[in-house]
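Colleague: Here you go, one structure.
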Amino acid sequence: MRTNYPIMLQLDGKKVVVIGGGKVAERKVRGLLGTGAQVVVISPEATGEIHTLFLDGKIVWEKKFFSEEDLRGAALIFAATDDKDINQSVKSLAEKQQLVTVADDPDISDFHLPAHVQRGRLSIAVSTGGASPTLAKKLRAELEQLFDERYEEYLEFLFTARQWILKEVKDPALKRKLLTAMVSVDFLNSQNRAEDFQRLYEELK
Ligand SMILES: C[C@@]1(CC(=O)O)C2=NC(=C\c3[nH]c(c(CCC(=O)O)c3CC(=O)O)Cc3[nH]c(c(CC(=O)O)c3CCC(=O)O)/C=C3\N/C(=C\2)[C@@H](CCC(=O)O)[C@]3(C)CC(=O)O)/[C@H]1CCC(=O)O
Ligand SMILES: NC(=O)c1ccc[n+]([C@@H]2O[C@H](COP(=O)([O-])OP(=O)(O)OC[C@H]3O[C@@H](n4cnc5c(N)ncnc54)[C@H](O)[C@@H]3O)[C@@H](O)[C@H]2O)c1
């Protein structure tokens with residue numbers, strides 16, 4: 001078995017085509033909102049949520065059956081109809097460099113969607129490579145408990161403090177100490193991270 005290669009995609013301005021407008025398509029579309037991707041759904045029917053997103057101008061919905069030209073210019077393609085033959089033909093009609101995922105056939109898919117926790121800048125993705133989406137979902141729920149809402153603000157603090165350290169602290173040893181000390185339960189739980197950081201800096205410098 002070959003292992004998968006995890007990446008975080010920046011889809012801003014890229015065209016993403018979802019073939020099918022059912023429950024699975026809706027979940028894929030929801031995951032694409034906020035990425036800046038230009039989402040196009042191709043399906044004669046669509047769920048209420050897909051319809052609403054279309055009416056709100058958030059996505060494009062072409063109310064039609066799939067045909068080859070729908071794939072033109074797409075960076076990512078989701079084949080998510082309930083017709084196995086159509087899903088297979090989406091994959092075979094796509095160009096080699098287009099990345100396709102086939103909802104009912106993990107083996108021929110170019111990528112799998114992970115279950116995923118987002119806490120601001122922190123992304124945690126879990127994939128079982130098609131073995132068990134149910135396990136991926138369960139692990140995601142456990143990670144959500146472990147990495148709770150505090151992490152969103154905590155990562156903002158880490159980001160800002162790290163930028164400041166990289167700019168202002170010249171001594172490599174001090175730089176390393178500060179970057180290490182910020183990653184601790186104390187800072188995660190701190191009520192005033194900026195103040196605690198200032199104190200730490202005064203102690204260590
Ligand atoms: C993680 C998650 C992300 C997302 O889609 O957003 C995701 N599936 C989720 C849920 C889920 N999917 C299914 C169930 C029902 C129980 C079960 O079958 O276990 C549940 C659980 C539920 O809904 O409770 C059924 C199912 N899924 C696939 C098949 C086809 C097949 O296996 O042949 C079938 C059978 C269809 C049938 O019955 O015919 C295929 C895929 N599903 C994937 C991802 C990719 C592999 C990821 C991996 O292996 O880690 C892949 C390959 C395609 C892809 O990349 O899209 C999301 C959890 C989100 C969350 O809650 O966190
Ligand atoms: N990847 C996953 O996580 C996952 C989860 C559950 C099911 N599945 C699989 O995904 C597929 C879709 O499941 P669903 O629950 O969304 O089905 P669904 O019945 O809710 O939706 C199917 C959609 O496909 C559209 N469609 C049918 N023929 C079409 C065509 N020729 N061109 C364009 N659109 C067409 C229909 O209009 C409908 O909107 C099934 O094959 C299922 O086995 C995958």
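Every read-out reported here was derived from the displayed coordinates using simple, explicitly stated rules and does not represent laboratory data. It should be emphasised that the depicted structure is a prediction, and the values quoted were computed from it without experimental measurement. So basically every Cβ, Gly included, is an ideal-geometry build from the backbone, and we count neighbours across all protein chains shown.
Colleague: Could you pull out every residue, at least 5 positions away or on a different chain, whose amide H is within less than 5 Å of the one on Val41? Hs are placed 1.01 Å off N in the peptide plane, and Pro or chain starts have none.
Modeller: The list, which skips near neighbours in sequence, is Val18, Val60, Trp61, Glu62.
Colleague: Quick one: go through the stretch 152-178 and flag any residue whose amide nitrogen is under 13 Å from the point 7 Å out along the Cα-to-Cβ line of Met8.
Modeller: Under 13 Å, as judged by backbone N against the label point of Met8, lie 152, 155-156, 159 of the stretch 152-178.
Colleague: Considering just Cα atoms, how many Å³ per residue does the convex hull of the stretch 150-204 enclose?
Modeller: Dividing the Cα hull volume of the stretch 150-204 by its residues yields 67 Å³.
Colleague: Same structure, new question: Give me the net charge for the shell around Glu68: Cβ to Cβ below 14 angstrom, other residues only, Lys and Arg +1, Asp and Glu -1.
Modeller: Result for the local shell: -1.
Colleague: Something else now. Would you mind getting me the FRET efficiency between His116 and Ala194? Use the beta-carbon distance for r and R0 = 41 Å, nearest 0.05.
Modeller: For His116 and Ala194, the calculated efficiency is 0.85.
Colleague: Also, quick follow-up: When only C-alpha pairs under 8 Å and at least 6 residues apart count, what is the relative contact order of the chain, in percent?
Modeller: That works out to 13 percent.
Colleague: Given the convex hull over the Cα atoms of the stretch 1-113, what projected area results after averaging over all orientations, in nm²?
Modeller: Computing the convex hull of the Cα atoms and averaging its projections yields 6.8 nm².
Colleague: For Lys15, list long-range residues whose amide hydrogen, built 1.01 Å from N in the peptide plane, is under 5 Å from its own amide hydrogen.
Modeller: Amide H neighbours of Lys15: Gln38, Ala75.
Colleague: For the chain, modelled as a Gaussian network with Cα springs under 10 Å, which listed residue fluctuates most, Ala161, Ala103, Ala115?
Modeller: Result: Ala161 has the largest fluctuation of those listed.
Colleague: For each of Ile108, Ile19, count neighbouring Cβ atoms within 10 Å of the residue's Cβ, then give the residues from fewest to most.
Modeller: Fewest-to-most Cβ neighbours within 10 Å comes out as Ile108, Ile19.
Colleague: What span do the alpha-carbon atoms of the stretch 82-195 cover on each of the three principal axes, reported in whole Å from largest to smallest?
Modeller: Dimensions of the stretch 82-195 along the principal axes of its Cα atoms: 61, 31, 18 Å.
Colleague: Mind listing the Cα extents of the chain along all three principal axes, in Å, largest one first?
Modeller: 67, 42, 31
Colleague: Could I ask something else about it? So which helices of the chain fit the span-like rule, where a helix is a whole DSSP H run, its Cα atoms reach 18 Å or more along the axis, and its mean Kyte-Doolittle is at least -1.0?
Modeller: Span-like helices in the chain: 133-146, 150-168.
Colleague: With Cβ to Cβ distances under 15 Å as the rule, what net charge do the other residues near Glu142 carry (K, R +1; D, E -1)?
Modeller: Result for the local shell: +2.
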